[in-house]
There are 2 protein chains.
Amino acid sequence: MSETNTSIEQTAVNTIRTLAMDTVQKANSGHPGAPMGMAPSAFVLWTKIMKQNPKNPAWINRDRFILSAGHASSLLYSLITLSNGGLDIEDLKQFRKWGSKTPGHPEFGHTPCVETTTGPLGQGFANGVGMAMTEAHLNAKFPEVIDHFTYIMCGDGDLMEGISYEAASIAGHLELGKLICLYDDNEITIEGNTNLTFTEDIVKRFEAANWHVIEVLDGTDLDLIEKAVNEAKNQTKKPSLIKIKTKIAHGSPNFEGSEKAHGSPLGEEEIKLTKKALNWKHEEPFFIPQEVKDYFNQISKKFEEYENEWSLKFQEFNNSDKEKANSLINAITGFLDRDWNKNLKKFTPEDGKIATRKASGIILNEIAKIVPTLIGGSADLAPSNKTELENEKDFSSSCYSGRNIRFGIREHAMGAIINGMFLHSGVKPYAGTFLVFSDYMKPAIRMASLMKLPVTYVFTHDSIAVGEDGPTHQPVEHIQSLRLIPGLTVLRPADANETRTAWETAINNSSGPVALILSRQGLPVLDTSNQDGKPELGGYIVDNCEGEPDLIMISTGSEVHLCIEAKKELEKRGKKIRVVSLLSREIFEKQGKDYQERIIPPKVKKRLVVEAGSSSGWEKYAGDHGEILGINKFGASAPGGTVLNKFGFFPVNIINLAQIVLNKE
Amino acid sequence: MSETNTSIEQTAVNTIRTLAMDTVQKANSGHPGAPMGMAPSAFVLWTKIMKQNPKNPAWINRDRFILSAGHASSLLYSLITLSNGGLDIEDLKQFRKWGSKTPGHPEFGHTPCVETTTGPLGQGFANGVGMAMTEAHLNAKFPEVIDHFTYIMCGDGDLMEGISYEAASIAGHLELGKLICLYDDNEITIEGNTNLTFTEDIVKRFEAANWHVIEVLDGTDLDLIEKAVNEAKNQTKKPSLIKIKTKIAHGSPNFEGSEKAHGSPLGEEEIKLTKKALNWKHEEPFFIPQEVKDYFNQISKKFEEYENEWSLKFQEFNNSDKEKANSLINAITGFLDRDWNKNLKKFTPEDGKIATRKASGIILNEIAKIVPTLIGGSADLAPSNKTELENEKDFSSSCYSGRNIRFGIREHAMGAIINGMFLHSGVKPYAGTFLVFSDYMKPAIRMASLMKLPVTYVFTHDSIAVGEDGPTHQPVEHIQSLRLIPGLTVLRPADANETRTAWETAINNSSGPVALILSRQGLPVLDTSNQDGKPELGGYIVDNCEGEPDLIMISTGSEVHLCIEAKKELEKRGKKIRVVSLLSREIFEKQGKDYQERIIPPKVKKRLVVEAGSSSGWEKYAGDHGEILGINKFGASAPGGTVLNKFGFFPVNIINLAQIVLNKE
């Protein structure tokens, strides 16, 4: 540690180090090395730089802190504990135990002061870009009261993942000057020294992406770190990367600088030696010297003052423009009038064929006028995804108030960015791409689901009906694959009105992401004269028969229309057929048994499920006596109608399959 | 076009352009713009630079060509047609039609001379890195006969995707001097000019990754292009990026330089105008001037000479070292002795508990000694994935013959790189990471499946039993999600011997990827005294009962042991229980009905399926009368045993569930 550091600061840094290593040791599991190396930087950020108030982690204008290298969780938990942020020593002792507030990786919504769930590398970095984008947006709209920084702490792993390059590229393009990333350049990953595989020039790489790069050659020198962060704060037109040379497991006589300290406890003996090397006098684990407690209590007072100052500012703002202040509060709380959707367009069969992606574009634009927090875009497919908000500007460095985001061909970053945007609070983000490319953003969809973030995905071109672009662009397994993600609501509407319902669901939803699965091809608007139940309940009877059906057809999206066609012919043959549109299995399965059994009576065992995608997962609806018309191989390049026919998606084939089910014993 | 280009060359370039635009026009679907802009570069590569022989696309030492921007397929098809590579004008006229040799995006195995399937952006670029890695490896082992270049043609979209950064980073690190990428810098993507979102400094970016960068400011100047490629070829220690300024839809009076020419036919009228602007005299579509045919026929002769020269070299090599030549032939053909696996380790219960990841490491190392083409590694998790080959060197710039690849924390690139490595032919690659991070490489797994590439994935830490690392690191939906991908074989062995079987399957398999799903935790070696059927058939009876069972437990991996425990107690209660280990549903479902019904008799309706993952997809095995013990929510951070207990994965709960099924009517 540099000479210039005062004794109390040095002690505080070592407190963070010892807490982190004791925490990991007690759990007998975890990652002690990175926290020990990054303790000085984290200390500087949390005590000298950041304007936050850990006692009130909901303060809207707080500086954000993201530990992208989530495995270093004991660092964050130690900071939260010292900062009176809602954890205490007992929590640290419960690290990685069932039901504790201190899980292996930081979990948003579970532990106070944790801004986002991290662990899957690179995503936290992109979350930070998203938070800085929301800050820029709200700052443009509410400069009176929103103006703060976003800090990321990341490691080599984060910077090796493709998502971090994507996110850095867009952040540089957008000139997000209030985004500052502290890079823990400890040269160690699990397999060994980074020179084994990661030798690119980080400085040049970030400069190429329009970032300001600062190097701190001694990551234990608190003054150097503070100076670097202040230099970064002064960059108004570029995000900053501070490359900080550190040693993993700083202070450990046997493991400092070694990959052995990455993912395992140091061991009691080595902890003793390390504490000695750090000149730490206290044998007792989890020891916090009184002077350090006092120091952080002082900081806590400063933190409260920050928030109090801001509160006065907000009051002033509220007094001078109550309506505007209210609109900010509504944005933060997600408030909407109960009947906000009453005037959304109702489509009729006379509207002709409308692709659900097109209907989505119409409804999205109507909603955008009602819901000012709605903001989003596509990964370079806006004209195809119909995600563009008409008469709204691009979100850009010259116009952060713009609501159309050009994410570029960066699906993974897009997914993690909208997670960060929502996490900041104040916006309701959406993101579009072709359904087949949901694979590219899958890890971010999983994190949205895990964090229960109500972001919206607009996935168009939803089946082999994509046609000519061929199997690389035709989703087959994707709808079922998305349905497997816990907490994700998947909606595949069959017509323009169901699409409206799907968007209403997405907007009303306040917990967990929603994926809209939309057709490329035009679809008729369904006749409502023969319906029963409600689409907003996830499944309903879209075309009923008199009395108890002989067979129930269960379908989604474009295939509902094929079932209705087939039903007509089967009725001529004297069969009673019910067609059910199951636009969202997740929502339908949340309804009461009464409703579910009204729509799909258990006693009607003859069933035919039709969906242009994997059949696996539909068996519970088909049952032992039913059949499934699905697709369990890759598609092919030809006009959409041809491909559908070749794969059996035409009425006569459905009639034949229905007949097979009807003829079964 | 520059003055220095000869008239015939200019005509040939325009032939490529007009063929591409006519092809798209006839299909009334496709992407004419990029082919028209890249025609000069493609012409130079295919006629002046590359040593290939399109008449024999299997020639092992050919230069490889990857059109990473797969949407520009009409460019590639035009080149193949002109080069007598197995397509003709009729094929071009069938572009994007059912059953044609010219699908919307280039498909490996479907169209001659197509080296890899492209379309999902960025992956072709990473495939190219993989091909260059195999070339470097084979060149190190067989310098006598293997020595060629790998050329990639890519666009803005490729370079915006994170995977291209990951792949560029490792390619630069590995100093792949024979990898040359031509970047179509046309500044246009679907949403408009790249200045909307993609403004990073490409030159600096690639230099930061240790690439040699050359700029060609006029992408119509054939001499400049040729000079640049030759400069790149002279770089022996760095891969090269040639940044070529082009205009999308070059020659089109109304669409040149516009995103409108990206993804739609130009239209008959605009084609007329364009041909006029190009000084193209022939109104007839798909016209190839005789002089151009003659020109390419000359080139074809040169191509044949290249191969003939090489054949002589190979003969010489064969004469001087027959054994070595044979080992190359075996590597290329994938030949193995029929009983190659006879001496692989058989585990016994006395071996104690062995995690299947550990057994995998043991078997993998045994196989590596027998199968010299086996090469692979992990995305920085080798110590955890047990993927390291002992006594083998790292694959590095100073040792391309090494067989341990350090992929770095770059899962997506890793997936696409091993695809490219296999596509080159001569190696049998594998790649490891945690199962939960299979999401990061999903798009590449899909492409391996689509291309039917027999690569192997080593996915360890396969359930909530991961424990302390928590829900971010605990797969839940992943096994089912992988099972949904058509053509992917998923194997989840229950013990060390099943793990041997899984690896044998992976090595014997010659069509489609294989995913091994392996436990973190130790598992006993199964007692074989009570077994029936064979694990290599995907499912077998692991613990049988006398006579017809009252209930069948169907399980995979670590949960098989819980079922065996539960069976013991149920037997004490007088119940006859059969336990089936279904280590691979895909393989089991390929067996004859006889075998399937011997293992799981249809008349035994009482079934309990147990797998620590999503239950969706298991209904077809459980049936209407069965139950499934699965996990349909996210995991939690705590020791693995605790998490398993909390989620119901312990014998008593399985006994209770079995009793519920047994008690059903």
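Here are some notes:
- Residue in the stretch B:587-606 that is in a strand (DSSP E or B) and out of contact with any Leu (no Cβ under 9 Å at 6 or more places or on another chain) present: no
- Only one of the listed residues (B:ILE485, B:ILE417) is facing chain A (nearest Cβ under 8 Å), touching a helix residue (DSSP H, G or I) at 6+ places or on another chain (Cβ under 6 Å) and in contact (Cβ under 8 Å) with a residue 40 or more places away in the chain. That residue is B:ILE485.
- Count of the stretch B:569-589 residues, restricted to those that are acidic (Asp, Glu) and within 26 Å of the chain's Cα centre (by Cα), is 2.
- Filter result for B:ALA277 (crowded, with 17+ Cβ neighbours inside 10 Å and out of contact with any strand residue (DSSP E or B) (no Cβ under 8 Å at 6 or more places or on another chain)): no
- Of all residues assigned to the stretch B:99-108, at least one qualifies as being over 19 Å from B:GLY219 (Cα atoms), assigned by TED's automatic domain parsing to the domain that holds B:ALA132, within 23 Å of the chain's Cα centre (by Cα) and hydrophobic (A, V, I, L, M, F, W, C).
- When A:PRO372, A:PRO443, A:PRO454, A:PRO383 are checked against the criterion of being of a type outside the set (Gly, Ala, Ser), at the interface with chain B (Cβ under 9 Å from one of its Cβ atoms) and surrounded by fewer than 24 Cβ atoms within 10 Å (Cβ to Cβ), a single residue qualifies: A:PRO383.
- When each of B:GLY155, B:GLY130 is tested for being crowded, with 24+ Cβ neighbours inside 10 Å, away from chain A (no Cβ under 14 Å) and closer than 23 Å to A:HIS412 by Cα, the lone residue that passes is B:GLY130.
- The one condition from (1) more than 13 Å from the chain's Cα centre (by Cα); (2) surrounded by 24 or more Cβ atoms within 10 Å (Cβ to Cβ); (3) at the interface with another protein chain (Cβ under 8 Å from one of its Cβ atoms) that B:GLY432 does not meet is (3).
- Helices (runs of 4 or more DSSP H) completely within the stretch A:24-95 that count 2 or more residues being surrounded by 23 or more Cβ atoms within 10 Å (Cβ to Cβ) and within 26 Å of the chain's Cα centre (by Cα): A:33-44, A:73-82
- Selected residue (criterion: surrounded by the fewest Cβ atoms within 10 Å (Cβ to Cβ)) from residues of the stretch A:491-539 that are basic (Lys, Arg) and assigned to a loop (DSSP other than H, G, I, E, B): A:LYS534
- Positions within the stretch B:613-622 being crowded, with 24+ Cβ neighbours inside 10 Å and either part of a strand (DSSP E or B) or touching a Leu at 6+ places or on another chain (Cβ under 7 Å) (or both), in sequence order: B:SER614
- Spans of strands (runs of 3 or more DSSP E) in the stretch B:142-249 with at least 2 residues free of Cβ contacts under 8 Å to residues at least 60 places away in the same chain and aliphatic (A, V, I, L, M): B:212-216
- One residue alone among A:LYS603, A:LYS590, A:LYS576 is over 20 Å from A:HIS625 (Cβ atoms) and surrounded by fewer than 24 Cβ atoms within 10 Å (Cβ to Cβ), and that residue is A:LYS590.
- Hey, B:THR197 touching a strand residue (DSSP E or B) at 6+ places or on another chain (Cβ under 6 Å) and of a type in the set (S, T, N, Q) or not: yes
- Hey, B:LYS101 more than 17 Å from B:PRO35 (Cβ to Cβ) and within 14 Å of another protein chain (Cβ to nearest Cβ) or not: yes
- Selection count, the stretch A:429-458, where residues are touching a residue at least 60 places away in the same chain (Cβ under 8 Å) and either closer than 14 Å to A:SER519 by Cβ or not assigned by TED's automatic domain parsing to the domain that holds A:LYS358 (or both): 2
- Hits in the stretch B:624-665 (condition: crowded, with 18+ Cβ neighbours inside 10 Å and in a loop (DSSP other than H, G, I, E, B)): B:GLY626, B:GLY630, B:ILE631, B:PHE634, B:GLY635, B:ALA636, B:SER637, B:ALA638, B:PHE647, B:PHE649
- When B:ALA249 is tested against (1) within 9 Å of another protein chain (Cβ to nearest Cβ); (2) modelled with pLDDT of 95 or more, only condition (1) is not met.
- Condition check for B:VAL542: touching a residue at least 60 places away in the same chain (Cβ under 8 Å), in a strand (DSSP E or B) and away from every other protein chain (no Cβ under 14 Å): no
- Residue match in the stretch A:420-428 (condition: under 24 Å from A:ARG520 (Cα atoms), of a type in the set (Val, Ile, Thr) and buried (at least 21 other Cβ atoms within 10 Å of the Cβ)): no
- Each residue in the stretch B:472-482 was checked for being within 7 Å of chain A (Cβ to nearest Cβ) and touching a Leu at 6+ places or on another chain (Cβ under 6 Å), and 3 of them qualify.
The values are calculated or read from the model by the stated rules, or taken from the named source; none is laboratory data. On a predicted model such as this, the values are computed, not experimentally measured, just so you know. Backbone-built Cβ (ideal geometry, glycine too); neighbour counts: all protein chains shown.
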